[in-house]
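First the structure, in the form of C-alpha cells, and then the observations on it.
A short reminder: the numbers here are calculations on the coordinates, not readings from a lab. Please read all numbers here as calculations on a predicted model, not as lab measurements. Note: ideal-geometry Cβ built from the backbone for every residue, glycine included; neighbour counts use all protein chains shown.
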Amino acid sequence: MALFRLPTGGPPALAPRGNGLLLRAPQMSDFLQWANLREYSREYLTPWEPIWPSDDLTRSGFRRRLRRYAEDIAADRSYPFLIFREIDGAMLGGITLANVRRGIVQAGTIGYWIGQPFAHRGCMTAALRVLLPTLFGELNLHRVEAACIPSNAPSIRVLEKCGFSREGLARRYLCINGVWQDHLLFGLLHEDFRG
C-alpha cells in the first residue's frame, strides 16, 4: 500500500451515497435548483459565509464556478459536492473539501452549507458521515480539518457528532460577511475515524 497518493491519470469520479443521500460534483443542470435554494436561504446563510459576488446566482456566475471546480478537481486541490436527497432529488446543500495538501501532510479542509428548509434536521451530519469514508479512503487523507465561528452552535454540533476534536482558536481567521472573524479549529484523523 502506498503511503502517499500519487497522480494516476486523473482524479477519481466521486459520488458517495448513504443515509438516503447522494453527494456529487455540481453540474450545469443543477443551476436552477442551486440558485433557488441559495436565494431562498440567503438571509439564513449570510452570517456564516463570505460576501457573495454580485453575479453569484446568475447562470454565467455558476458556469464560471463550475470551470474553477473542474480545474481544482483536476489539480487535486479541491473537491466540491452538492448534497441530494435520493428519494426525490431535492438539493439540500453542499460540502467542499478544499486546500488539499499532499506529500507528508495528506490533509484537506472542509466547509459546508445547508439550505434553510433543511437546517436543524441532521442532514449535514448525515451528509458528512457519508463523505468521510471517501475522504479517508479514495482520497487517502490522513487528516480532515474544519473551522467555524464560535457562535455557530449548529456547525459545532455537526463536527462533534462526526468525531472531530476541537483543537484551538484562530483569531480573525476568515473574512465572513465582510468581517474578519475568529474561528474554532477542528480536526479528525484517519485513525480516529476508523475508531
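Mind checking the full-extension length gain between A170 and N99? Use 0.36 nm per residue of separation minus the Cα-Cα distance, one decimal, nm. Write out the running numbers ahead of the final one.
Working: separation 71, 0.36 × 71 = 25.56 nm, distance 1.67 nm.
Separation in residues times 0.36 nm, less the Cα-Cα distance, equals 23.9 nm.
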Which of I95, A127, S29, positive extreme of dipole for the chain (C-beta unit charges): S29
Equivalent ellipsoid semi-axes, the chain, via Cα gyration tensor eigenvalues times 5, rooted, Å: 24, 21, 17
Rg and Dmax [Cα atoms of region 55-160; Å; Rg one decimal, Dmax integer]: 14.6, 42
Computed lengthening from E71 to S151, 0.36 nm per intervening residue step minus Cα-Cα distance: 25.4 nm
Calculated P(r) tail over 17 Å for region 129-195, as whole % of Cα pairs: 45 percent
Distance between modelled label sites at N140 and D192, nm, 7 Å Cα→Cβ extension: 2.3 nm
Max mean-square fluctuation residue, GNM over the chain, Cα-Cα springs under 10 Å, options R68, R121, R129: R121
Highest-fluctuation residue, D72, D88, D56 considered, GNM on the chain with Cα pairs under 10 Å: D88
Per-residue ³J(HN,Hα) for region 125-133, Karplus 6.51 cos²θ - 1.76 cosθ + 1.60, θ = phi - 60°, Hz, x for Gly and Pro: 4, 4, 5, 5, 5, 6, 7, 4, x
Stretch gain in nm, segment W52-Q33, where the contour uses 0.36 nm per residue and the Cα spacing is subtracted: 5.1 nm
Projected area, mean over directions - region 55-103, Cα convex hull, nm²: 4.4 nm²
